[in-house]
1. By count of other Cβ within 10 Å, fewest leading, how are THR120, THR78 ordered?
2. By counting other Cβ atoms within 10 Å of each Cβ, how are ILE139, ILE71 ranked from fewest to most?
3. In nm, to one decimal, how far is the ASN138 label point from the SER80 one, both placed 7 Å along Cα→Cβ?
4. What residues from region 90-133 fall in the zone where the backbone N is under 16 Å from a label point 7 Å along the Cα-to-C-beta line of ASP153?
5. Sorting GLU94, GLU118 on the 10 Å Cβ count, fewest up front, what's the list?
6. If you restrict to DSSP beta bridges whose two residues both lie in region 43-154, what percentage is antiparallel, to the nearest 5?
7. Report the Cα centroid-to-centroid distance between region 82-156 and region 41-61 in angstrom, as an integer.
8. Along Cα→Cβ, 7 Å out, is where each label goes; now give me the distance between the ones at LYS130 and GLU94 in nm to one decimal.
Amino acid sequence: MIINPRIGTTVAALLILAGLSQPSAIAEQLSRIAENNTTINDSITNIELAYGYGVTINFTPVGETITKVWIDNPSFVTVSVNGCLSGLSQNECETEGATLLHLRRIQDLDLPQLPKTEGTLMTVVTLSTKGIRVYLFNITKADRVSTVNLIIDIVD
């Protein structure tokens, strides 16, 4: 599966990322994104995770470095990277950043503060010479391994 991030965004992505509900606030956020040279990809990519297999997302082809990863409901998925990100690494980061992100499904954890769900949203923030980009991934539980997206290469 190949993701082709385009300049621009959808209102839905802004609502998810910024928690905005007013059209004027959305327009203001679009302005800020343009000013800060930030691009939000215009779609949410679906990733299915099955037991025993992981999915790797590769940002190397576009020369982007992962700077932050958020998973809204971490009760069934783990994340690791080929570098160091604060919050994901056990030690302090001497140099932050990664180019590969690996997701793995785990047995559901009972986290009292989180509702039981079959999926979660993952937000990945990257940085390159082109600026900041934000990627959205809808992660869902699967019974079988998907041969479609074991490795996802991000390309322009």
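1. Working: THR120 19, THR78 14.
Taking fewest neighbouring Cβ atoms as first place, the list is THR78, THR120.
2. Numbers: ILE139 24, ILE71 18.
Result, fewest neighbours first: ILE71, ILE139.
3. 2.9 nm
4. 100-101
5. GLU94, GLU118
6. On the way: 28 of 37 bridges.
So the antiparallel bridges amount to about 75 percent of the total.
7. The distance from the Cα centre of region 82-156 to that of region 41-61 comes to 8 Å.
8. It is 3.1 nm.
Where a number appears in this text, it was derived from the coordinates with a stated rule and is not lab data. For clarity, every value in this text was computed on a predicted model and none was experimentally measured. In this analysis, Cβ positions are derived from the backbone assuming ideal geometry, glycine residues included, and neighbour counts consider all displayed protein chains.
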